[in-house]
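Written below as structure tokens is the structure these notes are about.
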Amino acid sequence: MARFRIVGGVVAALVIVGAAIGGALVWRPAIAAIDPPAPQSFDPALVRHGRELAALGNCSDCHTVRGGKNFAGGRPVPTPFGTIFSTNITPDPETGIGRWPEQAFRRAMRSGVDREGRHLYPTFPYDHFTHVTDEDDRALYAYLMTREPVVAAARPNQLRFPFNQRIVIAGWKLLFLRRETYHPDPAKGSEWNRGAYLVEGLAHCGSCHTPRNALGAERAQAAFSGGEADDWSAYAINAKSPAPVPWNADALDFYLRNGWHPDHGTARGPMAEVVSNLAAVPSSDVNAIAVYMADIFGAARTGRSREAVVAQGKSNQEKAADPQGAAIYAATCAGCHESGRPPPYGGINLALSSALSATDPRNLVNIVLTGVRPVAGERSPIMPGFGATMNDQQIAVLVNYLRSRFSGQPAWSGLESVVQDARRTQTAYLSTSAGPTSAPADATQRDKP
Amino acid sequence: MTTTLKVNGQDHRIEADADTPLLYVLRDELQLNAAKFGCGLGQCGACTVIVDGKAVLSCVTPLLLVEGGQVTTLEGLGTVAAPAPIQRAFMDEQAAQCGYCIAGMMMRAQALLQRNSKPTDAEIRAELAIHLCRCGTHMRILRAVRRAAHLMDTAELSPANQESVR
Amino acid sequence: MNAPIVLDRRRVLAGSGALIVSFSLSRGFAQERAASPAPTLPPSLKIAPYLDSWIRIDTNGAITAFTGKAELGQGFKTAFQQIAAEQLDVPFESLKVITADTALTANEGYTSGSHSMQDSGTAILHAAAQVRALLLGEAAKRLELPIETLRTDDGAVIAPDGRRLGYGELVASDFLHIQAQPDSPLKDPASFKVMGQSIPRVDIPAKVTGGAAYVQDIRLPGMAHARLVRPPSYGAQLIECDAAVVEKMPGVVRVVRDGNFLAVVAKQEFQAIKAMYALADVAKWREDAKLPKHDELPSMLMAMLSRDSTILQRSDPKVVGQKTIEATYTRPYQSHGSVGPSCAVAQFADGKMTVWSHTQGVYPDRQAISEMLRMPQQDVRVIHVEGSGCYGHNGADDAAADAALIARAVPDMPVRVQWMREQEHGWEPFGPAMVTRLKASLDANGKIADWHFEVWSNTHSMRPGGAGCLLAAQHMAQAIPVPPAKPIPLPEGGGDRNAIPIYTFPNARVVHHFIPDMPIRISAMRALGAYHNVFSIESFMDELAALAGSDPVEFRLKHLDDARGRDVIGKAAEGFGWLKGQTAPQDHGFGFAFARYKNLAAYCAVATEVEVNRETGRARLVRAVAAVDSGQVVNPDGLINQIEGAIVQSTSWTLYESVSFDDRHITSIDWQTYPILRFDAVPDRIDAHIINRPGLPFLGSGETAQGPAAASIANAIASATGKRLRDLPLSRKRIKDAIDA
């Protein structure tokens, strides 16, 4: 990380100079403020459509902080350059976007510029939202302008110099922003194209799941090869997927709709809010996303079935070396994770866990530390956290054992420092993330009273 | 297997399988009543005790993880004759109906107050999130924790109590 | 009550006439035939009219009060101690209370229906007062002084010249074996020193310091631990179970198999748990249960065979309705959800069975267990020891039977049975699903002209007596069939509890559709049918108030004659700050509801403020203000504790809870799958105001807030969102769908 920052700092400095030279390219005009439009002036059907689009865009996740009101911002988003705080996108005239005309909203989505002409940090993923059509922007605008206005002033970002100078963004955009609406691929079916439009646009999957360069831009050649969000690792969701059982369209559709899958486990961390929001989206759209992503994963990948994977994990028991790790696992984890109770309420058989097979140990460590918290009032999985029960050494031993026994991947190194970091980041994450509204549930129980 | 465990300031040699949950060691080997079986699944908090200063769910904490550690249960905080501030507070607020969940709540609150002597209401609620009370005594429990914070702030802990809560 | 009443023992004995059945402690309480039953004795005195069933004074002065009721965490032990201490004129700490024990206490049936204060409390009240009178009479005799010159204080009778006779000195062996009289010299409430005070509960100190307080804490010498392997679904048959490998596991004492009843006994608790999992692995079952479809519960209930009775019919053809509305309200199965799964200890020695249990009814459970074991009742003793809150008929009685059946297989060895969490959730008898259909009309003045109310429900009690009510008896080889369901008769009622509205309507008809068939195991859960019936009535009253353009509180008062009810409504409204024509803050709503539990127990009104998150549909109780009239209050803080708790519990039921099941199994088997309220949803404030009525009879209060809280929240949600929800629970998704529609 530090290396990136130094390199990034140097490159950023160059960009500033370049941007200063091309001053005309940097400056954007303010768009005149309007009186906040009356909510009744918006067509209810358009507002409803906007609600679905906002769910697809996962807007509420970033723009709502734990304990705060919907869309009122204030959520800290960690980046390699410091912390960005999300803005208030309720229609409050003074502290929100109440005075923004639709044109200003569209410009923000298309080009990452606010009403007053300031460049927005690409933490707001307009590099994806630029693909959204004007019609969809209109619907989103209608939805946001009919939300409850909340007075909540934006928290100042905590960015290091030179990144706290917005002019840097102009250079960034010059290098990385392709301002354009999505163009359908005529060679592909309508469902694939719909999926592509959503994934590349509103759903902005790449924002988390694509690795970024030193300047924090997605590396186009490595699309979907894995990234991170909120100190969680976002797995590769292409041919490099670490999932022991390969993903296909049906599994993706089920997972995105319900928040879990018997072959893969339960969506946790930031993904929990994503699937929670997708519960409110028409199933045809979720299906379209699944179709497109299945293609990205790589169709017809022959891989092992769930039964084969689980059997492998069982047979590894003799091979896995560490008796301390084995004892901890058997005494602490196996009770739930080998009970045979199916997910989402039974612990997943760890041979199926992507967290264990991934290159980055953070997700597994996060879950071991803090468990899985219930969603208030909803049937939802609960896993106790072991951050207080186990010290860093015990967690490292356990995690190493799990890795060697269940994943067949090379051992992770530096686990104790990963655990130390995770204790800190997870405390912050859990106290600022509002959490999912909808819980991963058994298909027969989701949406039941 | 024989394990050494310090419980409420006293050393014990425990003869039990390494995978025995701490809850049963406390209740059955040591005949301590406070930590309760509520679910055995880490979902309700009734089994909470303090290990090395941190609140843990003893029903999902096997003996092998706490070997050599210092365990504090409600019995170790005080007695009816000489109650600790948290016990005094819960009695003063009459913060119990059936009382089954209370011991776990108190240990969680004790651990919180040991590291944060002035928690906000939101912090107390967040800390108690894992704990279930079916009788609906929540309002009193919150008042009792606030009261305990005040008592701990203003009172001196006796040396005996200081020893056992560490 | 204020006129001096003199009780002369000789006079009483002389007047009682015929046969006195003497009572021997070693035989336990047989069903006593009161010699000349006094028809005017209040309920529990009626079934146990001898004073020494309630109060015992030893010659050394030690005083014990007895109650056939059980301490469930409501604070009764303390309240009864207060009553006895007050009426006997002894310091509170100087006497102790013994609770339900078939060898020691009267048969007061179940601790249920909010009867404890009304029945047992009243019995102790009168018995203690009469005992004090007898002691005064005896002292008068010995001191040769007129009784009016004597007074009692601090456990002694005191003469004007200072001579003291301690109570212990005054009693001879069967001094108190004398029948209660219809009238008692009760103390003037104005002089109360202990009754009416918020005396700290006697059981809390042990509970906050790790003292032994629960049946789970019982440790007997040589005690073994047992775990059950319950069938996977209702009616499953155990077709194969090769337990050889389990019997060899460390510490295992016995595997007990009796038909479909399967259990394992081990020396240590964790050994028993491991053996249980191993035993479950080798047990093979044939399952054929067919459970209803969760979504179709209401239509299923309304289509099932029912016995219909019209329980209210009133007609006044002069009054004609003009605007009519109707509504249907539904409730799913709901779970007691006791935090501590059920537990019992039993020991079978010398042909006698002793069971320690947190059952609500030691006598009925004893009858059922003795019937199950084919043993004489007097050879079975059931002793109540506290468990975690039960809120009705949960797994306690079954755990007691399980322990007894297992103990019989290992004579002399005390056996402790502990249910697992999944077993408690999966096998407890639930609160029944219900449907109500209401229709009413307003006259030209906006008053209710006619009222129709129909309720569909199972029985709300499948409690033992009758061994067939016990799982162990149903599962054992010589199975005892489940007895036919019977309705609880009015005025108590079960499914029809509180179905008759307390309001006065010129035309009214209430019909109870009693459904005998029970596809899912059910029994009594706190408030019984009153929870849903009051939810329905009070929601509908708001719907009618809206139709009439009337304020909800004003609308109720327009139809209510009961003066104490009016007071309670006024008090709650005042405490809340309820103003006609008020508007709640954005996304907030105000709601109000009122009922008199069973139309004969405590009155309760609840006003609530609820906040609804329009994006997610999540409803949160912000604050609640309640007013309660319980008659003479014994322990105000205890009462407030109960009301606060009932409101929080009812909030959880109302916003979150429903039992889930698939075609064969109950699937809500732990806190993941049956979520209840946690601290994030606890309101900012609850205020409970008591209207004390000194001198008036005690009114049962443990269940009075459940229905009003539910309706109040429903009304607040309707006020916040403009949408009326009628299907419990008022879940987040239902609220969101209603808002979005």
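All of the numbers you see were taken from the coordinates with simple rules; none came from a lab. All values derive from a computational prediction rather than experimental measurement. Every residue, glycine as well, gets a Cβ built from its backbone with ideal geometry; the counts of neighbours run over all protein chains shown.
Considering only B:L112, B:Q87, B:M139, and ranking their Cα positions along the charge dipole of region B:1-145 that arises from unit charges at the beta-carbon of Lys, Arg, Asp and Glu, the one farthest toward the positive end is B:M139.
Please identify the DSSP H helices in chain C that span no less than 15 Å along the helix axis (Cα) and have a mean Kyte-Doolittle hydropathy of 0.0 or more. Please list the in-between numbers first.
Values: long enough: C:76-88 (17 Å, 0.05); C:122-143 (31 Å, 0.73); C:269-282 (20 Å, 0.62); C:362-373 (16 Å, -0.21); C:396-409 (20 Å, 0.55); C:529-548 (28 Å, 0.53); C:563-576 (20 Å, -0.30); C:636-656 (30 Å, 0.10); C:706-721 (23 Å, 0.64).
Helices meeting the criterion: C:76-88, C:122-143, C:269-282, C:396-409, C:529-548, C:636-656, C:706-721.
Taking a span of 18 Å or more along the helix axis (Cα atoms) and a mean Kyte-Doolittle hydropathy of at least -0.5 as the rule, the DSSP H helices of chain B that qualify are B:102-115, B:138-154. Partner shielding of A:370-377 amounts to 6, given as the average count of beta-carbon atoms from other chains within 10 Å of each residue beta-carbon.
Pairs from the table (B:K6/B:K54; C:K323/C:K571; C:K248/C:K352) lying more than 20 angstrom apart at Cα are C:K323/C:K571; C:K248/C:K352. The slack between C:A190 and C:A477, meaning 0.36 nm per residue of separation minus the straight C-alpha distance, is 97.2 nm.
Over all other residues within a Cβ to Cβ distance under 11 Å of C:I537, the charged ones net out to -2, with Lys and Arg as +1 and Asp and Glu as -1. With Cα atoms defining each centre, region C:290-367 and region C:627-699 are spaced 17 Å apart in the structure. Rounded to whole Å, give me the distance from the Cα center of region A:391-439 to that of region C:109-136. So the two Cα centres are separated by 61 Å. In terms of other Cβ atoms within 10 Å, B:T137, A:T370 run from fewest to most in the order A:T370, B:T137. With neighbours defined as other Cβ atoms within 10 Å of a residue's Cβ, the residues C:D281, A:D360 order from fewest to most as C:D281, A:D360.
If you put +1 on each Lys and Arg Cβ and -1 on each Asp and Glu Cβ, how big is the dipole of region C:380-472 around its Cα centre, in Debye rounded to 20?
Values: 8 positive and 11 negative charges, 24 e Å.
Taking the Cα centre of region C:380-472 as origin, the dipole is about 120 debye.
Can you tally the net charge around A:H261? Count Lys and Arg as +1, Asp and Glu as -1, for every other residue whose Cβ sits under 11 Å from the Cβ of A:H261.
Details: positive: A:R257, A:R306; negative: A:D250, A:D253, A:D263.
Net charge around A:H261: -1.
Ranking C:P332, A:F124, C:G251 by how far each Cα lies toward the positive end of the dipole of the protein assembly as shown (charges on Cβ) leaves A:F124 at the top.
Each Lys and Arg Cβ is given +1 and each Asp and Glu Cβ -1; about its Cα centre, chain A then shows a dipole of about 760 debye. Computed over region A:335-378, relative contact order equals 20 percent, with contacts defined as Cα pairs under 8 Å that lie 6+ residues apart. Helices in the protein assembly as shown, meaning DSSP H runs of at least 4 residues, each add -39500 (n - 2.57). Divided by all residues, the mean residue ellipticity at 222 nm is -10000 deg cm²/dmol. Here's the picture: charge each Lys and Arg Cβ at +1 and each Asp and Glu Cβ at -1 in the protein assembly as shown, and of B:C47, A:V77, A:S283 the one pushed furthest to the positive end of that dipole is A:V77.
With 52 Å as the cut-off, how large is the P(r) tail for the protein assembly as shown, expressed as percent of Cα-Cα pairs?
Numbers: 291286 of 918690 pairs.
Result for the distance tail: 32 percent.
Summing +1 for each Lys or Arg and -1 for each Asp or Glu among the other residues whose beta-carbon sits under 13 angstrom from that of A:A229 gives -3. Taking every C-alpha pair closer than 8 Å and separated by at least 6 residues, the mean separation divided by the residue count of chain A gives a relative contact order of 15 percent.
Please work out the ratio of the alpha-carbon Rg of region A:2-176 to 2.2 N^0.38 Å and round it to two decimals.
Details: Rg = 16.6 Å, N = 175, 2.2 N^0.38 = 15.7 Å.
Its radius of gyration relative to the 2.2 N^0.38 Å reference: 1.06.
Taking the Cα centre of region C:463-548 as origin, work out the dipole magnitude from +1 charges on Lys and Arg Cβ and -1 charges on Asp and Glu Cβ, in debye rounded to 20.
Numbers: 6 positive and 6 negative charges, 72 e Å.
Dipole size: approximately 340 debye.
May I ask you to derive the relative contact order of chain C, considering only C-alpha pairs under 8 Å and at least 6 residues apart, and to give it as an integer percent? List each step's numbers first, then the result.
Values: 1752 pairs, mean separation 98.8, N = 741.
It rounds to 13 percent for chain C.
Compared with the alpha-carbon gap, the fully stretched path from C:D154 to C:D183 is longer by 8.0 nm at 0.36 nm per residue. Region C:465-485 and region A:46-115 have their alpha-carbon centroids 62 Å apart.
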